[in-house]
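The values are calculated or read from the model by the stated rules, or taken from the named source; none is laboratory data. Just so it is clear, the structure is predicted and the values come from calculations on it, not from any experiment. When we count neighbours, we look across all protein chains shown, and the Cβ atoms used for this are built from the backbone with ideal geometry, even at glycine. Heavy atoms of the whole protein, side chains included, go into the accessibility calculation; ligands, DNA and RNA do not. Shrake-Rupley method; radii C 1.70, N 1.55, O 1.52, S 1.80 Å.
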Amino acid sequence: MNSQPEEERPPLGPEVFGPRPDSHPTPWTSISPLVPGQVLNVALLFRVSASELQDVAGSINRQFENCKKRILPLMVITRIFIDVESGRMEFDDRGEGTDELLARFNVPHQRDGGMHEMLQEAGRKDRAFDLVICESAERLARVVYYNTKIEHELQQFGVELIAVDEGESKSGRKATKILIRRVKQAFGEMFAIQTMELAWEGTAEHTKAGYNIGRAPYGYLPARERHPAAARAAQGATKTRLVADPQRGEVITEMFMLRVNDAKTYREIADLFNADPDRYPPPIPTREHGERRWRWPVVRDMLANPKYTGHMVWNRSTYREGVTVRRKKRKRPVRPSEWIWSPTITHEPLIDLHTYRQAQMIDLGRSGSRSGNQPNSHPATKTTYSLRGYVRCPECHRRMVGKDNNGRRYLTCRGPRNSDDQLTDRAPAHPGTVYIREESILQAVNDAITRRVFSPERAQLLADQIAAAPAAEHAKQQAAIEAARRHLTDIERRQKNLTIDLEQADPDDRTWRQQIRTRHRELETERLDVAERITGLQAKILDSPAQDTTLLDAIPTTTAVNLAELPTEVQRQLYEALRLQVIMTSRTAATIKITLAGDGPTAAAAIAKQDQTAVIDTATATVDPHPHKRADAGLPRIALRRCPSLPSSGGRRG
């Protein structure tokens, strides 16, 4: 879009040589005091809110009739520009698809384009209008910046914008008129934002009261109630609560058990359900003519839905991008700490909150590396690594991958990177590549499994640890919470200092002020991360399950097994059955975590019964980076706990 006219246009109308009968204009007055006999071409500019919120034809007709009241005898309407969209629409997205809407609503006026077409024509030397008239200046947009942008560009082209509701000044002076216009434009933006805020708060209260928004999730049926507002109820409006579907509710419960107890992937669950559609009725597809079958993205979304806990939850995703909206909306997830939860259970739960949290942790724990025991199918693959995907990087906690270097096997991590292969803000201080010898970790892991899972002394080692584990774990969690709170306080202190610096900064030093704002936004992102971590730590204390020492009795004791001599594929099958996790706290120390499940491979066929889940949680284990120099790698201690309220993976919900 041109910012300047192509060339200087001649003055409007016939020139008057000699003294004028009226007062002489100044460069700051409007051109509304017309020269006698002057003919002006006029463009009318209308905007109508989104078609589902307003009578399009009625609104345009009203604006047309109001604008006609400012048309003087020597004014000729040559253009009509119309936009049908939200006043908060992004400026570059204005005007798309309006012709089709006008045709659908039988608008009796010929549209010559929208806002963009008006500004483009205003910059041409052969433009067909000299003035632009609108009903009210604040109606052009509900964002002051866009209002003033439109007005400024028209002024650059020598075109005046006249608003009907501002009246006509006989003197032509415009300073007071501009003041009133700016106040009205600011009020228009304030009112739009206030409306959004009140709507958001109303929806939050709607959620806390237990009313559902949108379609009832699979596993529930909608139960409609009379709207509590008499006027809305008289119009037939209702509100919806959720009641459990007798058959599909059991499917959801079993889906979570397969995920939590048996660590099934989304695809495995979908394949299992598709094999028996009578027992597991597939959901109705949202798209017309869609195939009615279980798909893994559907399973993923269901396992992420917190409404199955009995709490009503809202604000898990949003299209919002500040106060403006875009033509092509982009849905993005919202941080779990910002979700709106009902404080109490509002409908029948299909799973408990602890089970839901376990399912989310499985998903988080699998990011960053390929899952499964199968070798990489890439034709260039030469090596399969025993611990690939089971070890967490000490710098960013992502899963590490295998790499061969001069015949030695390493586990490596390059950190979270963007499409330009640059480290993201999640781990800005991450080294270029973290290398850890697989052999050093492998020895500690196999020693821990041999001694703590299969050896005859496992029961005594477990009993000794259980005696001290609860108090030690609680103290550890409390220390982590206090450290996070101190971090949060420090961030808030730095944000406050930046605010003071911004207030005291030179208004003309835009570079410095922008740097302060950028740093404040970075700290706000960090503050939200720390606050979310505190919430997670507090929830972990509340959800600590009871311990059950009998679960190890299902595993046969043996001293003959030598894990190091097993083939790599068999080792990985065993690690998968034990749900092994090695969380590196540094490059020489790690925490080993093992989960015993009932659907393990042959190497751990009798680890646990189908109706129980055990968590073997170890203390810190020292990992020697040079294992060939020592005889014993130092074994971790183990605590065994049972997760309550979890039915068997193969059972039906009662």
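Numbers for the structure displayed
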{"quantity": "Flag for Y308 being closer than 17 Å to L353 by Cβ, surrounded by 12 or more Cβ atoms within 10 Å (Cβ to Cβ) and of a type in the set (F, W, Y)", "calculated": "yes"}
{"quantity": "One residue from D262, D245 being among the acidic types (D, E) and either open to solvent by 20 Å² or more (accessible area, probe 1.4 Å) or in contact with a His (Cβ under 9 Å, 6 or more places away or on another chain) (or both)", "calculated": "D262"}
{"quantity": "Search result, residues across region 507-525 that are acidic (D, E) and in contact (Cβ under 8 Å) with a residue 12 or more places away in the chain", "calculated": "E522, E524"}
{"quantity": "Tally, over region 145-173, of residues that are touching a helix residue (DSSP H, G or I) at 6+ places or on another chain (Cβ under 9 Å), in contact (Cβ under 8 Å) with a residue 24 or more places away in the chain and more than 26 Å from R124 (Cα to Cα)", "calculated": "3"}
{"quantity": "Residue count for region 63-96, restricted to those that are out of contact with any helix residue (DSSP H, G or I) (no Cβ under 7 Å at 6 or more places or on another chain) and either without any contact (Cβ under 8 Å) to a residue 60 or more places away in the chain or open to solvent by less than 20 Å² (accessible area, probe 1.4 Å) (or both)", "calculated": "16"}
{"quantity": "Residues of region 175-210 satisfying the condition of being open to solvent by less than 50 Å² (accessible area, probe 1.4 Å), closer than 23 Å to T148 by Cα and of a type outside the set (A, V, I, L, M)", "calculated": "K177, R181, Q185, G188, E189"}
{"quantity": "Tally of residues being in contact with a helix residue (DSSP H, G or I) (Cβ under 8 Å, 6 or more places away or on another chain) and either under 30 Å from G322 (Cα atoms) or open to solvent by 40 Å² or more (accessible area, probe 1.4 Å) (or both) across region 97-107", "calculated": "4"}
{"quantity": "Count of region 267-289 residues which are at negative phi, open to solvent by 30 Å² or more (accessible area, probe 1.4 Å) and in a loop (DSSP other than H, G, I, E, B)", "calculated": "10"}
{"quantity": "Contacts under 7 angstrom Cβ, first residue in region 125-136 being free of Cβ contacts under 8 Å to residues at least 40 places away in the same chain and within 19 Å of Q38 (Cβ to Cβ), partner acidic (D, E) and crowded, with 22+ Cβ neighbours inside 10 Å, 6 or more apart", "calculated": "none"}
{"quantity": "When residues of region 581-598 are limited to those that are open to solvent by less than 10 Å² (accessible area, probe 1.4 Å) and closer than 13 Å to R452 by Cβ, the one modelled with the lowest pLDDT", "calculated": "L596"}
{"quantity": "Subset tally (residues that are open to solvent by 70 Å² or more (accessible area, probe 1.4 Å) and more than 37 Å from the chain's Cα centre (by Cα)) for region 405-415", "calculated": "3"}
{"quantity": "Residue identified as modelled with pLDDT under 85, open to solvent by 30 Å² or more (accessible area, probe 1.4 Å), within 26 Å of L179 (Cα to Cα) and not charged (D, E, K, R) among P27, P14", "calculated": "P27"}
